[in-house]
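Okay, so here's the structure we're looking at.
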């Protein structure tokens with residue numbers, strides 16, 4: 001009798017789990033597919049479990065190995081599968097990310113509504129690989145996000161960025177001196193061919209290591225190197241992740257990824273605990289990002305009783321690196337590429353810099369007078385946005401425009417498509433034309449609103465470090481243009497390919513000339 005009961009329970013449980021799996025893998029996706037078709041959206045038919053992931057990974061892998069003609073028309077290379085789907089089915093289309101449909105939203109007004117309602121349109125959860133790379137504010141939701149943003153905000157106040165200005169300048173000076181030594185060593189009439197990408201990448205890592213960890217700079221550099229490796233490993237994992245449970249397969253990339261994550265956590269835990277003790281003992285007077293964050297957190301705990309745990313602080317430190325270094329290094333290097341291809345704008349920017357600063361050291365207040373440099377940087381952010389897309393998801397039935405979106409639908413805002421859309425920017429949307437921003441962002445979007453220009457996202461969740469990134473980029477470009485002119489080398493291979501941002505896949509070979 002007992003055996004019969006046990007068998008009945010097991011059968012019932014198997015039946016219950018079986019129904020859940022059937023619903024997750026087939027019934028729900030097919031129901032959402034019908035809803036999308038009813039709304040006028042088009043896409044491939046759903047394939048059980050993998051959806052479009054195999055084709056997506058294959059096309060991405062193929063694009064990664066190629067260079068393309070030098071042009072700012074880069075969508076088909078950066079997002080080959082998405083470009084294929086949108087070209088085939090139109091703007092109202094969708095893809096299958098496993099059993100989850102992702103519908104594209106490109107209308108600026110709808111984008112603005114999505115980004116202004118973070119509680120209704122949250123990030124898809126969980127995404128273990130993404131979450132282990134970025135963490136922190138980027139993946140937090142609801143009350144936790146509000147609390148953490150409040151605690152972290154002081155670290156990125158303009159006054160604190162201003163206090164880090166000399167450190168940013170010092171790191172840039174170090175890079176400039178290395179380039180000057182290369183020119184001297186070449187002895188070829190004051191010019192030399194250099195792959196500037198490794199130097200700029202290291203510059204961004206150096207700046208974030210010094211500004212985030214101050215006296216723990218050397219440990220910060222180790223974290224930076226591990227974070228770079230993690231991002232490269234994620235790209236490798238992308239090409240097998242369409243397999244259900246692919247991240248658990250004991251491949252070399254998987255083992256290395258999880259090993260690095262543990263090492264990184266131990267190192268960050270050690271740095272954070274040492275700094276926390278120093279602050280508690282009154283022995284820490286540094287104004288680096290970690291110190292400001294810990295002091296703000298201690299104040300929040302004292303006033304409200306609840307703050308961030310050490311694990312939370314560690315996740316935010318990881319985000320400092322992933323967002324802080326990647327975003328800025330990409331902005332600087334693509335600015336050099338654009339100015340190499342357009343010598344007229346390179347000259348205009350240099351003339352403005354010499355008018356504001358001469359050949360002397362920079363001062364913080366002078367940055368606000370760099371109108372042309374700001375126009376150039378905005379145009380580069382439009383053509384090569386740090387984040388090429390934003391993904392959101394509905395967790396309950398949610399109104400958007402004239403649609404009532406059911407739970408379980410993922411929404412893709414393809415930022416790079418919006419930034420290159422001729423209907424928004426004109427027929428020259430893929431050309432480098434900084435004059436678009438002569439009247440600021442509002443003038444550039446011709447009254448179409450903030451949903452057209454999203455280099456740092458938008459709405460309440462706009463990137464907290466955007467001012468820091470812009471200050472660092474301005475300092476770097478100013479110092480480079482004060483000392484060098486530059487042009488594209490014949491050995492340059494154009495291949496902007498997305499990882500966390502859009503780094504140059506094969507480096508950036510330029511000819512530097514000492515001024």
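The values are calculated or read from the model by the stated rules, or taken from the named source; none is laboratory data. Remember, it's a predicted structure, so these values are computed and weren't measured experimentally. Quick reminder, even Gly has a Cβ in these numbers, built from the backbone with ideal geometry, and neighbours come from all protein chains shown.
When region 319-367 is filtered for residues that are without any contact (Cβ under 8 Å) to a residue 24 or more places away in the chain and either farther than 21 Å from residue 469 by Cβ or outside any helix (DSSP H, G or I) (or both), the ones remaining, listed by number, are 344, 347, 351, 355, 358, 360, 363.
Within region 26-47, the set of residues being assigned to a loop (DSSP other than H, G, I, E, B) and touching a residue at least 40 places away in the same chain (Cβ under 8 Å) comprises 39, 40, 41, 43, 44, 46, 47. Tell me, please, whether a residue that is surrounded by fewer than 20 Cβ atoms within 10 Å (Cβ to Cβ), farther than 16 Å from residue 416 by Cα and touching a residue at least 60 places away in the same chain (Cβ under 8 Å) can be found in region 75-94. No - not one qualifying residue is present in region 75-94.
Let's see how each residue does on (1) in contact with a helix residue (DSSP H, G or I) (Cβ under 6 Å, 6 or more places away or on another chain); (2) at pLDDT below 80; (3) more than 28 Å from residue 332 (Cα to Cα):
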residue: 205; (1), (2), (3): yes, no, no
residue: 219; (1), (2), (3): yes, no, no
residue: 235; (1), (2), (3): no, yes, no
residue: 248; (1), (2), (3): no, yes, yes
residue: 255; (1), (2), (3): no, no, yes
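Selection of region 105-115 for residues being closer than 17 Å to residue 395 by Cα and within 19 Å of the chain's Cα centre (by Cα) yields 114, 115.
With respect to the conditions (1) more than 16 Å from residue 378 (Cβ to Cβ); (2) touching a residue at least 60 places away in the same chain (Cβ under 8 Å); (3) out of contact with any helix residue (DSSP H, G or I) (no Cβ under 7 Å at 6 or more places or on another chain), residue 431 lacks only one, and its number is (1).
For region 287-304, indicate whether the set of residues that are in a loop (DSSP other than H, G, I, E, B) and either under 19 Å from the mean Cα position of the chain (by Cα) or without any contact (Cβ under 8 Å) to a residue 60 or more places away in the chain (or both) is non-empty. So far as region 287-304 goes, no, none of its residues is in a loop (DSSP other than H, G, I, E, B) and either under 19 Å from the mean Cα position of the chain (by Cα) or without any contact (Cβ under 8 Å) to a residue 60 or more places away in the chain (or both). Suppose the filter is crowded, with 18+ Cβ neighbours inside 10 Å, under 19 Å from residue 475 (Cβ atoms) and modelled with pLDDT of 95 or more; does residue 379 pass it? Yes, satisfied. Taken together, the residues in region 494-515 that are part of a loop (DSSP other than H, G, I, E, B), within 30 Å of residue 65 (Cα to Cα) and touching a helix residue (DSSP H, G or I) at 6+ places or on another chain (Cβ under 8 Å) amount to 11. Among the helices (runs of 4 or more DSSP H) confined to region 387-493, the ones with at least 2 residues that are under 30 Å from residue 363 (Cβ atoms) are located at 440-444, 466-483.
Give the residue that is nearest to the chain's Cα centre (by Cα), with candidates limited to residues of region 410-424 that are under 17 Å from residue 379 (Cα atoms) and touching a residue at least 60 places away in the same chain (Cβ under 8 Å). Among those residues, the one meeting the criterion is 416. Tallying residues that are in contact (Cβ under 8 Å) with a residue 60 or more places away in the chain and either over 21 Å from residue 274 (Cα atoms) or buried (at least 23 other Cβ atoms within 10 Å of the Cβ) (or both) within region 205-215 yields 6. In region 10-24, the count of residues that are part of a helix (DSSP H, G or I), in contact (Cβ under 8 Å) with a residue 12 or more places away in the chain and closer than 30 Å to residue 77 by Cα is zero.
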